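One structure is given below, encoded as structure tokens.
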Amino acid sequence: FIGGCTLATHYNCATTNKASYQYSKRRADGTKSIKSGVSLESVLLDEDWDIITFQQQSGLSGIYDSWKCHLPLLLSYVKSIVSYPTTFMIHQTWAYDESSTHGDFKRYSHSQETMYRSIVRSVSSISRLTGISRIIPSGTAIQNARTTPLKDSITRDGYHLSLNVGRYIAACTWFESLFHKCVVGNPYCPKGMDTKNKFYAQRAAHAAVSCPVKTIKIR
């Protein structure tokens, strides 16, 4: 990872083989390591990856041209390195809070709904262009959760997900998207989250995976 990295930066690092990344890896036994100064190529060759996901920097996620200019090229690069039968997926990020002070929010007229709809359209369009059909709809899951009492606890600063509720919603969305198992009723609950909030989070994620392009009110 490179914090706040755009697809353009990823592609530049790939084509110049820059060792600009930190590589965070959690093993099957739960141990975690972080290595600095690694290249994208070295990470792609490190494992026979079952799944590789792509995402755009959050502020550009609703700007289709930013996807179109670089994701097809980056995908071609990754395919040239990876030989294992790998599934490719796109991560749909979320819209900012209405009160967010993030500089990129002005791209969407400081409107959460405008940003969300722009992200959905851009991700759907780039999915068709690249042929990457599987989408992880975290943006829709977060938007669904905003129809519940969770709405004020989803982010910690207007755009980064909160360490408890927000990340759990995204984790539920990833779980169901990757494993095709309904997350509703899953017994895992982060420390400090009550069962009612867990219910809302799981339902928001499940509804998003079932319908990635439309907000559904969670009851």
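The values are calculated or read from the model by the stated rules, or taken from the named source; none is laboratory data. From a predicted model like this one, the values you see are computed outputs, not experimental measurements. Every residue, glycine as well, gets a Cβ built from its backbone with ideal geometry; the counts of neighbours run over all protein chains shown. Just so you know, the surface numbers come from the protein's heavy atoms only, side chains and all, with ligands and any DNA or RNA stripped out. Shrake-Rupley method; radii C 1.70, N 1.55, O 1.52, S 1.80 Å.
What to note about this one:
- Enumeration of residues in the stretch 133-172 that are farther than 18 Å from ILE119 by Cα, open to solvent by 10 Å² or more (accessible area, probe 1.4 Å) and part of a loop (DSSP other than H, G, I, E, B): THR147, ARG156, ASP157, SER162, LEU163, ASN164
- In this structure, LEU129 does satisfy being exposed (fewer than 15 other Cβ atoms within 10 Å of the Cβ) and not basic (Lys, Arg).
- Just one of (1) open to solvent by 10 Å² or more (accessible area, probe 1.4 Å); (2) assigned to a helix (DSSP H, G or I); (3) within 30 Å of LEU75 (Cβ to Cβ); (4) touching a Phe, Trp or Tyr at 6+ places or on another chain (Cβ under 8 Å) fails for LYS198. It is (3).
- Taken over the stretch 7-43, the residue count meeting the criterion of being closer than 19 Å to LYS79 by Cα and part of a loop (DSSP other than H, G, I, E, B) is 3.
- Residues in the stretch 51-94 that are modelled with pLDDT under 95 and farther than 20 Å from ASN17 by Cα: TYR84, PRO85.
- Matching residues, the stretch 97-142, being among the basic types (Lys, Arg) and under 17 Å from the mean Cα position of the chain (by Cα): ARG117, ARG121, ARG134
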